[in-house]
Structure formats: structure tokens, C-alpha cells
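Q: Sharing a structure below in C-alpha cells format, with a few things to ask.
The values are calculated or read from the model by the stated rules, or taken from the named source; none is laboratory data. Everything numeric here is computed off the predicted structure, so don't read it as measured data. Every residue, glycine as well, gets a Cβ built from its backbone with ideal geometry; the counts of neighbours run over all protein chains shown.
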Amino acid sequence: DRTTLKDFLAKIEKQYGKARRTWVMDRGVPTEAVLAEMRAAETPVHYLVGAPRGRLTQLEQSFLTRPWSQVREQVQVKLVERDGEVYVLARSHSRRDKERAMRRRRLKQLIKRLKDIRNQKRLTRTKLLMKLGAAQHAAGNAYSILDIHVPKAGQRITAKTFTFTINRQKLR
């Protein structure tokens, strides 16, 4: 993680010596400071890091003008060079399908959980809100696909006062 990365890189260099390595890291693991040190290193340090979503938003217009290049049967990429860095935007139909399946599975689990909550007897609004918070945590981003309406304070919890529907525009 970001707190141990610098020490880890130093340990590998000490144990195996300086060499041309390519480090592959998830977004959020290296800090900008660590990346700056890697760029300024005496021995070239190459890395591939998932860019933070904010950076992708900044580069969006640049990516739009670039053509897709086929790198594998199911994988296409676009490249953008900026400030001495090369940014790679990749799309994979099989990965997209996998992520859709995972999102749909979570959505199904969430709907089942919401139905279970709605069918509970003697549920107070406070407990309902707590259970919704737990369901939201478990569902992750799938939670935002549903439009959920909870009863107002003092209203009984029924199928008419506690409703949820799939927002088709958010489903994709």
C-alpha cells in the first residue's frame, strides 16, 4: 500500500540490485511523491499505474480524438502522451461483460435483500435506515442503480411506503 511502497521498492533494489524493472501498481498505491522519485531515479524506473479517475477526466478530450488500436483479439487501447508520461486507455469486451455480470449479480442480491427488509415485521424507520445503510455498503455501486423511497417519519413501513425501482438509465 502507499505507506510501505517506498520501503518495498528500496528493499527490492537492495536485495536484487539496480536493474531495469517495470513496476505494475493499482491506482491509489503510489503517491505522486513516490512516482516523482521513480521518475528522477538514477537508474530508469518504468511503471504502469492505474490512473486516478480525476486524471482520466482531465485527459478525456485528448482520448476522444485518438483512434483505437487493436492489441489483442478482445483488447483495444488509446495512447496519450502528456508531461513525459504515456497514458493508456484500454477497453476489453470480455472485461466489460465480466463487470456487467458482477454488477447484475450484486443488483440481484440487493433487490432480494430489500424485499427481505420490506417483509420484516415490526420494523421501525430507524432500523430500516440502518438496514438500508448495510445493504448499500454490501451492494457497492449497484445501490445507485435503484431509486429507493423510504417512508416519512411517522409513516408505517409497507410495500406502498417503502419502494424501490431500477433506474434503467443508470443500468447500462
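Each row is one residue, and each column tells you yes or no for (1) surrounded by 11 or more Cβ atoms within 10 Å (Cβ to Cβ); (2) modelled with pLDDT of 85 or more; (3) over 20 Å from Gly84 (Cβ atoms).
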| residue | (1), (2), (3) |
| --- | --- |
| Leu5 | yes, no, yes |
| Phe8 | yes, no, yes |
| Ile12 | yes, no, yes |
| Val34 | yes, no, no |
| Glu37 | yes, no, no |
| Glu42 | no, no, no |
| Leu48 | no, yes, no |
| Arg53 | no, no, yes |
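Q: Filter the range 55-94 down to the residues that are more than 24 Å from Ala36 (Cα to Cα), of a type in the set (A, V, I, L, M, F, W, C) and loosely packed, with under 11 Cβ neighbours inside 10 Å and list them by number.
A: Leu64
Q: Only residues in the range 32-44 that are without any contact (Cβ under 8 Å) to a residue 40 or more places away in the chain count as the first member; pair them with residues that are in a loop (DSSP other than H, G, I, E, B), Cβ under 8 angstrom, at least 6 apart or cross-chain, and list the lot.
A: Short answer, once both residue conditions are applied: Val34/Arg2; Met38/Pro30; Met38/Val45; Glu42/Lys18; Thr43/Lys18; Thr43/Ala19; Thr43/Arg20; Pro44/Arg20.
Per-residue answers, yes or no, for (1) small (Gly, Ala, Ser); (2) at pLDDT below 95; (3) over 30 Å from Val24 (Cα atoms); (4) not in a helix (DSSP H, G or I):
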{"residue": "Arg113", "(1), (2), (3), (4)": "no, no, yes, no"}
{"residue": "Lys131", "(1), (2), (3), (4)": "no, no, yes, no"}
{"residue": "Gln155", "(1), (2), (3), (4)": "no, yes, yes, yes"}
{"residue": "Thr165", "(1), (2), (3), (4)": "no, no, yes, yes"}
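Q: Determine which member of the set Gln120, Gln109, Gln136 is surrounded by 11 or more Cβ atoms within 10 Å (Cβ to Cβ) and more than 21 Å from the chain's Cα centre (by Cα).
A: None of the other options fit; the residue is Gln120.
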